[in-house]
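S.K.: Got a structure for you, written out below as structure tokens; questions coming shortly.
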Amino acid sequence: MSIERTEEETVAVTVEDGVAWVSFNRPEKRNCMSPKLNRQMMRVLDDLEFRDDVAVLVLTGEGTAWSAGMDLKEYFRDTEALGLAGTRAAQRESYGWWRRLRWYQKPTIAMVNGWCFGGGYGPLFACDLAFAADEAQFGLSEINWGILPGGGATKVAVELLSFRRAMYHAMMGENVDGRTAAEWGLVNESLPLADLKARVTEVAQVLRQKNPVALKATKDAVRRVGVMTYDEAEDYLIRAQEAANSYDNEGRKEGIRQFIDDKSYKPGLGAYDKSKTRG
């Protein structure tokens, strides 16, 4: 029996202890991304980005999949039937929220609990960190039905994998499990599905303790400097630090004060106590 979800129901959200758990919510379709889901995901990102009760965003999937990519009927066939205008609209909606996620204000974590195929590589790469279940399956299946891995998926493979692995992954259309994905660099870590949420929660709570202005500047810097020369990156990072200081100069000074004056923390062993920041 087919399930008809409203646009709002295609994404599920729970906020708990400073963490927003955002889920692809089309388990009956292996969480394939449709135009409805893409539009709703942008609304969800808009709602959560500057909420005071959200420090970290985790993107995961309901059921046994993270996301099996783009919905072949709703994203491709149905939009192509509307002509070029329909195709371009669908592309703007999907690429738009992936781009938004890449530069999100809050730290983001992909919790890959199951299948991650094709178009799923877009939001996978958009998240700052990624953790997978050993049982998860990753694949660029586009070659198996006659197209190249589009929507940025080829770029993601080249960014995260070695040249030979990227070429093999894109050309062969074979799946790899979570352990292999971690070995290749598609994700940070892989662990049994039963332990996945606990590990992601642990990481999210560590991030939650850190200075949010510094986290945002760091996120942006890591994405930006990879395409710069060393001198360009050096200059960019100096300017980025100065810009961050202008937003949160007291936070930076508080960390130094707790280290030098209070001797209450050591930078190499954790974050300073944000609750003591003098405003």
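The values are calculated or read from the model by the stated rules, or taken from the named source; none is laboratory data. Computed from a predicted model, the values in this text were never measured in an experiment. A quick note on method: Cβ atoms are made from the backbone with ideal geometry, for glycine too, and the neighbour counts reach across all protein chains shown. Remember, those area values only see protein heavy atoms, side chains included, never the ligands or the DNA or RNA. Shrake-Rupley method; radii C 1.70, N 1.55, O 1.52, S 1.80 Å.
S.K.: Please verify whether Thr218 is in a helix (DSSP H, G or I) and under 30 Å from Asp248 (Cα atoms), treating the condition exactly as stated. Before you say what the answer is, go through the steps one by one.
M.R.: Details: in a helix (DSSP H, G or I): yes; under 30 Å from Asp248 (Cα atoms): yes.
So Thr218 fits the description; yes.
S.K.: Same structure again: Name the residue that is farthest from Ile147 (Cα to Cα), counting only residues in segment 170-195 that are part of a helix (DSSP H, G or I) and touching a helix residue (DSSP H, G or I) at 6+ places or on another chain (Cβ under 9 Å).
M.R.: Going through the qualifying residues, I end up with Leu193.
S.K.: Among the residues of segment 51-58, is there at least one that is of a type in the set (Lys, Arg) and either in contact (Cβ under 8 Å) with a residue 60 or more places away in the chain or not in a helix (DSSP H, G or I) (or both)?
M.R.: The answer is yes, given that some residue of segment 51-58 is of a type in the set (Lys, Arg) and either in contact (Cβ under 8 Å) with a residue 60 or more places away in the chain or not in a helix (DSSP H, G or I) (or both).
S.K.: On to the next question. Filter segment 20-46 down to the residues that are touching a Lys or Arg at 6+ places or on another chain (Cβ under 8 Å), more than 19 Å from Gln91 (Cβ to Cβ) and surrounded by fewer than 24 Cβ atoms within 10 Å (Cβ to Cβ) and list them by number.
M.R.: Once the filter is applied, which keeps residues that are touching a Lys or Arg at 6+ places or on another chain (Cβ under 8 Å), more than 19 Å from Gln91 (Cβ to Cβ) and surrounded by fewer than 24 Cβ atoms within 10 Å (Cβ to Cβ), segment 20-46 yields only Asn25.
S.K.: Here's another thing I want to ask about it. Taking the criterion of being in contact (Cβ under 8 Å) with a residue 60 or more places away in the chain and in a strand (DSSP E or B), would at least one residue in segment 148-169 satisfy it?
M.R.: Scanning segment 148-169 turns up no residue that is in contact (Cβ under 8 Å) with a residue 60 or more places away in the chain and in a strand (DSSP E or B).
S.K.: Quick check: is even one residue across segment 90-97 open to solvent by less than 60 Å² (accessible area, probe 1.4 Å), under 24 Å from Asn188 (Cα atoms) and either of a type in the set (Gly, Ala, Ser) or in a helix (DSSP H, G or I) (or both)?
M.R.: Restricting attention to segment 90-97, the residues satisfying the condition of being open to solvent by less than 60 Å² (accessible area, probe 1.4 Å) are 90-91, 93-94, 96-97.
Adding the requirement that they be under 24 Å from Asn188 (Cα atoms) leaves 97.
With the extra rule that they be either of a type in the set (Gly, Ala, Ser) or in a helix (DSSP H, G or I) (or both), the set shrinks to 97.
Yes, the conditions are met somewhere in segment 90-97.
S.K.: State all residues of segment 50-77 that are of a type in the set (Lys, Arg) and either open to solvent by less than 10 Å² (accessible area, probe 1.4 Å) or modelled with pLDDT of 95 or more (or both); if no residue qualifies, say none.
M.R.: Hit for segment 50-77 is Arg51, nothing else.
S.K.: To continue, here is another question. Are there any pairs with C-beta distances below 8 angstrom linking a residue in segment 64-81 that is more than 16 Å from Lys36 (Cα to Cα) to a residue that is among the polar types (S, T, N, Q), with the two at least 6 apart or on different chains, and if so which?
M.R.: As it stands, the answer is Thr64/Asn113; Ala65/Asn31; Ala65/Asn113; Trp66/Asn31; Trp66/Thr60; Trp66/Asn113, since those pairs meet every condition given.
S.K.: Further question: Would you check which residues across segment 171-209 are modelled with pLDDT under 95 and open to solvent by less than 70 Å² (accessible area, probe 1.4 Å) and list them?
M.R.: Gly173
S.K.: Sort out which residues of segment 1-19 are among the aliphatic types (A, V, I, L, M) and either modelled with pLDDT of 95 or more or closer than 19 Å to Glu93 by Cβ (or both), and write them in order of number.
M.R.: Answer for segment 1-19, where residues must be among the aliphatic types (A, V, I, L, M) and either modelled with pLDDT of 95 or more or closer than 19 Å to Glu93 by Cβ (or both): Val11, Ala12, Val13, Val15, Val19.
S.K.: Further question on the same structure: Within segment 106-123, can one find any residue that is touching a His at 6+ places or on another chain (Cβ under 6 Å), small (Gly, Ala, Ser) and outside any strand (DSSP E or B)?
M.R.: No, that holds for no residue.
S.K.: Just one of the numbered conditions (1) touching a helix residue (DSSP H, G or I) at 6+ places or on another chain (Cβ under 8 Å); (2) more than 30 Å from Gln209 (Cα to Cα); (3) charged (D, E, K, R); (4) surrounded by fewer than 20 Cβ atoms within 10 Å (Cβ to Cβ) is not true of Arg100; which one?
M.R.: Answer for Arg100: the failing condition is (2).
S.K.: Do you know which of the residues in segment 218-230 that are open to solvent by 30 Å² or more (accessible area, probe 1.4 Å) and hydrophobic (A, V, I, L, M, F, W, C) is farthest from Ala243 (Cα to Cα)?
M.R.: Checking each candidate, the answer is Val227.
S.K.: For segment 112-149, enumerate the residues that are more than 17 Å from Glu183 (Cα to Cα), out of contact with any Gly (no Cβ under 7 Å at 6 or more places or on another chain) and open to solvent by less than 30 Å² (accessible area, probe 1.4 Å).
M.R.: Scanning segment 112-149 gives Pro123, Ala126, Cys127.
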